[in-house]
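Notes follow once the structure below has been shown.
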Amino acid sequence: MPPFRLDGKRALVTGGTKGLGAAIVRSLATAGAKVHLCARTRADVDAAVRAWRADGLTEVSGSACDVTDPNARDALLRDVRARFDGELDILVSNVGFNIRKPTTEFTSAEYRALMDANLEASFALCQIFHPLLRAASSASVVFNSSVASLVSMQSGAVYAMTKGAMNILTKYLACEWARDGVRVNAVAPWYINTPLARAVLKDERYKKHVVDATPAARVGEPREVGDVVAFLCMDEASYVTGQVLAIDGGFSVNGWKPPAAKL
Ligand SMILES: NC(=O)c1ccc[n+]([C@@H]2O[C@H](COP(=O)([O-])OP(=O)(O)OC[C@H]3O[C@@H](n4cnc5c(N)ncnc54)[C@H](OP(=O)(O)O)[C@@H]3O)[C@@H](O)[C@H]2O)c1
């Protein structure tokens with residue numbers, strides 16, 4: 001295989017119709033992978049697959065699946081097993097959302113919804129797809145975490161808890177599954193220019209705070225997450241496992257800046 005390629009690799013991306021999931025699909029497919037995506041809205045899945053194929057990425061397929069529903073996860077497993085002959089080289093668990101509110105205002109239903117979508121679904125997908133990953137000659141799992149798992153960014157404790165638990169799952173599975181030929185890593189993005197983030201960043205004052213806190217002085221672009229995920233799945237990253245890689249323009253290492261700092 002030529003360097004920095006994924007030709008022939010078979011990938012599943014959850015939440016692949018929009019935002020970062022769509023960028024991850026593009027990066028994997030552009031590098032040569034066959035990609036199966038899923039999302040809840042069937043019309044969006046069909047439209048996304050048609051759009052990728054029209055764009056020349058003919059090896060993209062998809063299923064409608066709510067990853068919080070155990071029966072839907074089993075149906076997804078059947079679809080992927082059939083499409084990829086019982087093997088899977090790449091699992092990208094990307095689905096996640098946030099409810100932004102103070103901790104004292106969280107209802108138990110809101111807490112449960114975040115835990116189900118952001119954490120339990122990833123855990124359960126890893127469990128049921130493990131036989132397909134082990135069957136591939138070398139496989140890679142990538143979780144979409146968040147910088148909220150590394151430092152407080154006032155975006156809600158429950159979201160951060162789900163992503164923090166995802167980070168430790170990354171480390172444990174990396175050790176547990178290394179002998180199965182499965183690497184496990186996570187990416188931890190800061191604000192990335194997606195529809196979800198744009199809804200928050202349309203407040204110009206808030207956006208200025210974000211940009212001021214970021215050494216790179218801008219928000220990230222979806223491709224900058226997709227390409228890092230694709231790299232982590234490549235043979236070039238074959239000795240990288242159990243890592244949580246911040247994609248944040250330096251935000252999480254920025255620390256305190258004195259008011260008169262010029263550097
Ligand atoms: N955007 C950022 O700046 C940012 C920063 C840090 C981390 N992240 C993380 O990146 C991930 C993606 O975020 P995003 O901003 O790209 O989100 P997004 O634009 O809202 O896209 C979410 C995708 O997931 C699908 N989805 C949502 N719930 C689902 C479910 N239960 N089952 C299956 N599919 C589901 C959506 O389609 P349907 O609605 O049709 O299901 C859509 O395809 C999340 O884990 C998020 O925490 C994002």
Query - In the range 57-97, the residues that are within 14 Å of the ligand (Cβ to nearest atom) and among the hydroxyl-bearing types (Ser, Thr, Tyr) - result: Ser63, Thr68, Ser93
Requested in this report: Consider Ala199 carefully, then state whether it is out of contact with any Pro (no Cβ under 7 Å at 6 or more places or on another chain) and either more than 16 Å from the ligand (Cβ to nearest atom) or closer than 21 Å to Ala29 by Cβ (or both).
Outcome: no
Requested in this report: Scan Gly96, Gly86, Gly56, Gly62 and give me the residue that is closer than 19 Å to Leu133 by Cβ and either open to solvent by 10 Å² or more (accessible area, probe 1.4 Å) or under 20 Å from the mean Cα position of the chain (by Cα) (or both).
Outcome: Gly86
Query - Residues satisfying the stated conditions in the range 123-149, i.e. touching a residue at least 60 places away in the same chain (Cβ under 8 Å) and assigned to a helix (DSSP H, G or I) - result: Leu125, Phe129, Val147, Ser149
Report summary line: Subset of the range 99-145, residues more than 13 Å from the ligand (Cβ to nearest atom) and within 13 Å of the chain's Cα centre (by Cα), comes to Ser140, Val141
Query - Test: Val184 is open to solvent by less than 30 Å² (accessible area, probe 1.4 Å), closer than 19 Å to Val95 by Cβ, in a strand (DSSP E or B) and in contact with a helix residue (DSSP H, G or I) (Cβ under 6 Å, 6 or more places away or on another chain) - result: yes
**Report entry** Per-region count, the range 214-223, residues surrounded by fewer than 18 Cβ atoms within 10 Å (Cβ to Cβ) and of a type outside the set (Lys, Arg)
**Finding:** 4
Query raised in the report: What residue, of Ala23, Ala33, is in contact with a Leu (Cβ under 6 Å, 6 or more places away or on another chain) and open to solvent by less than 20 Å² (accessible area, probe 1.4 Å)?
Result: Ala33
Query raised in the report: Restricting attention to the range 26-46, which residues are within 14 Å of Ser63 (Cα to Cα) and of a type outside the set (Lys, Arg)?
Result: Val35, His36, Leu37, Cys38, Ala39, Thr41, Ala43, Asp44, Val45, Asp46
Report task. Identify the residue in the range 158-181 that is β-branched (Val, Ile, Thr) and touching a helix residue (DSSP H, G or I) at 6+ places or on another chain (Cβ under 6 Å) and, among all such residues, is farthest from the ligand (Cβ to nearest atom). Result -> Val158
Query raised in the report: Is there any pair linking a residue in the range 193-209 that is within 16 Å of Glu221 (Cβ to Cβ) and open to solvent by 60 Å² or more (accessible area, probe 1.4 Å) to one that is more than 8 Å from the ligand (Cβ to nearest atom) and in a helix (DSSP H, G or I), with Cβ under 6 Å and at least six apart or on different chains, and which?
Result: Lys207/Leu201
Query - Complete set of residues in the range 16-56 that are within 11 Å of the ligand (Cβ to nearest atom), free of Cβ contacts under 8 Å to residues at least 12 places away in the same chain and in a loop (DSSP other than H, G, I, E, B) - result: none
Query raised in the report: Going by the structure shown, is Thr68 under 19 Å from His130 (Cα atoms), open to solvent by 10 Å² or more (accessible area, probe 1.4 Å) and of a type in the set (Val, Ile, Thr)?
Result: yes
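The values are calculated or read from the model by the stated rules, or taken from the named source; none is laboratory data. These numbers come from a predicted model, not from an experiment. Virtual Cβ from ideal backbone geometry, glycine too; neighbours counted across all protein chains shown. Surface areas here come from the heavy atoms of the whole protein model, side chains and all, with no ligands, DNA or RNA. Shrake-Rupley method; radii C 1.70, N 1.55, O 1.52, S 1.80 Å.
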